[in-house]
1. Output the residues belonging to the stretch 45-95 that are assigned to a helix (DSSP H, G or I), of a type in the set (S, T, N, Q) and open to solvent by less than 30 Å² (accessible area, probe 1.4 Å).
2. Starting from the stretch 56-82, take each residue that is touching a residue at least 24 places away in the same chain (Cβ under 8 Å) and under 15 Å from residue 13 (Cβ atoms) and list its partners that are among the aromatic types (Phe, Trp, Tyr) and assigned to a loop (DSSP other than H, G, I, E, B), counting only C-beta distances under 7 angstrom and pairs at least six apart or across chains.
3. Scan the stretch 119-138 for residues that are in a strand (DSSP E or B) and either open to solvent by 30 Å² or more (accessible area, probe 1.4 Å) or small (Gly, Ala, Ser) (or both) and jot them down.
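The values are calculated or read from the model by the stated rules, or taken from the named source; none is laboratory data. The structure presented is a predicted model; accordingly, all values stated were derived computationally and were not measured. Backbone-built Cβ (ideal geometry, glycine too); neighbour counts: all protein chains shown. We work out accessible area using only protein heavy atoms, side chains counted, and drop any ligands, DNA or RNA first. Shrake-Rupley method; radii C 1.70, N 1.55, O 1.52, S 1.80 Å.
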Amino acid sequence: SQGNTPEQEANNFINQVKNYIQPGEVVVLDWEPVGTNPRPNNVDWARRWMQVVEPALGRLPWIYMNLSTANGNNWGDIASNNPLWVAHYPGNNTANGYNPVAHRGSVSDQWRNIIAWQFTDKGKLTGYDGYLDLNLYYGQASENVGIPKVVSAAIPPMKESDPYTTWTDGNGRSWRVCQ
């Protein structure tokens, strides 16, 4: 909530997750600013939230946002340090399995660490009847997912024949991710 200070929101977040967070799990600021033209102080709000969360939890926060927000602001030190999980649903965004329907879009050169691309909110996977958000993860397949692989160029969509690994999250769900 932008109605609270970033410090209030960060401290609330820390108090909610500190006793539950496990090795290999990451923290993410879901940055969905109010309105279509974010106020300039939004970047500072996000920066201040991250500056409280990182030392308290000992993890470099990721930031999740849509492509236009990522490209529409000067993210400065956030863009050079924190991994970006970008949401961009190009064209027909219904996807069956992990085949993005199009390119993830051009992300501003300011972003050094693009960790993931959410390519649909209308994904379908065998065994689940509803829609799912589907993402491509560009990091290393390792226990320490908090340190992203730096992605500096467009990555082609994953194909069914691409090498993958199975990762099981803290809830016992298995996920297929790029190696």
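1. The one that is assigned to a helix (DSSP H, G or I), of a type in the set (S, T, N, Q) and open to solvent by less than 30 Å² (accessible area, probe 1.4 Å): 69.
2. What qualifies is 63/31; 64/31.
3. Selection gives 121, 122, 123, 124, 132, 133, 135, 137.
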